[in-house]
Amino acid sequence: MRRLLRAKDRMDADSQEEWPVARLAKVSGVSAAHFARSFKEAFGVPPHRYLLTRRIERAKTLLRDTHLSITEIAFQTGWNSLGSFGRIFRDVTGESPGELRVREMAAQHQLSQVPHCFVSAAYRPDLTIAVSEKRRLDANDIGDPS
């Protein structure tokens, strides 16, 4: 577990970097296959999905708390293209980065009395299924007349 936590901590600290399974396994000192299996077993999601969650969390914070452009936020949080960032952000959160920013800026933030851990948990994206699987399920719902 210590080895997995070491890799998870590295992803948390530098989520904007590329973290292929081979690199994470090297940080942990285990094989790539063993690392991927163990990580999913320990944390409930594969390493890539965990990294996406961290990137989306960071992007949401920057959208809410800064006036950086959406392009700057996309590149600061580790995305290689604005299109990928926007598409995956919408798939995960249900709204575009611009829509989230407008909604968050319009809302009065009275969260200072709520413990930070609860606020963080509420803003954490739900990635229990892969983004591609979510798209497929959404497409099936559109085609279903009921």
GluC sites (Glu not before Pro), loop per DSSP, at most 14 other Cβ atoms within 10 Å - longest free stretch of the chain: 19-94
Using 1/(1 + (r/R0)^6) with R0 = 22 angstrom and r between the beta carbons of Ala122 and Asp14, what's the FRET efficiency to the nearest 0.05? 0.35
How far apart, in nanometres, would the label points at Gln76 and Glu99 be if each is projected 7 angstrom from Cα along the Cα-to-Cβ direction? 2.3
Using Cα positions and a limit of under 19 Å, work out the lysines in reach of Lys26, with same-chain residues fewer than 8 apart set aside. Lys8, Lys40
Report the extension gain between Lys134 and Asp65 in nm, rounded to one decimal, defined as 0.36 nm multiplied by the number of residues separating them, less their alpha carbon distance. 22.0 nm
Simple SL model, points at 7 angstrom along Cα→Cβ for Lys40 and Arg2; separation in nm is 2.7
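Computing the accessible area with a 1.4 Å probe over protein heavy atoms, can you report the carbon and sulfur percentage for the chain?
Values: 4850 of 9050 Å².
Carbon and sulfur: 54 percent of the exposed surface of the chain.
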For the chain, what's the relative contact order in percent, using C-alpha pairs closer than 8 Å and at least 6 residues apart? 20
Any aspartates and glutamates with Cα under 19 Å of the Lys60 Cα? List them, leaving off those in the same chain fewer than 8 positions away. Asp12, Asp14, Glu17, Glu72, Asp91, Glu95, Glu99, Glu104, Asp126
Log10 I(q)/I(0) at q = 0.14, 0.15, 0.18, 0.20 Å⁻¹ for the stretch 1-102, from Debye over equal alpha-carbon scatterers, is -0.55, -0.62, -0.82, -0.93
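The values are calculated or read from the model by the stated rules, or taken from the named source; none is laboratory data. Please read these numbers as outputs of a predicted model, since none were measured by experiment. Positions of Cβ are generated from backbone atoms using ideal geometry, with glycine treated the same way; all protein chains shown enter the neighbour counts. Keep in mind that these areas ignore ligands, DNA and RNA; they rest on the heavy atoms of the full protein, side chains included. Shrake-Rupley method; radii C 1.70, N 1.55, O 1.52, S 1.80 Å.
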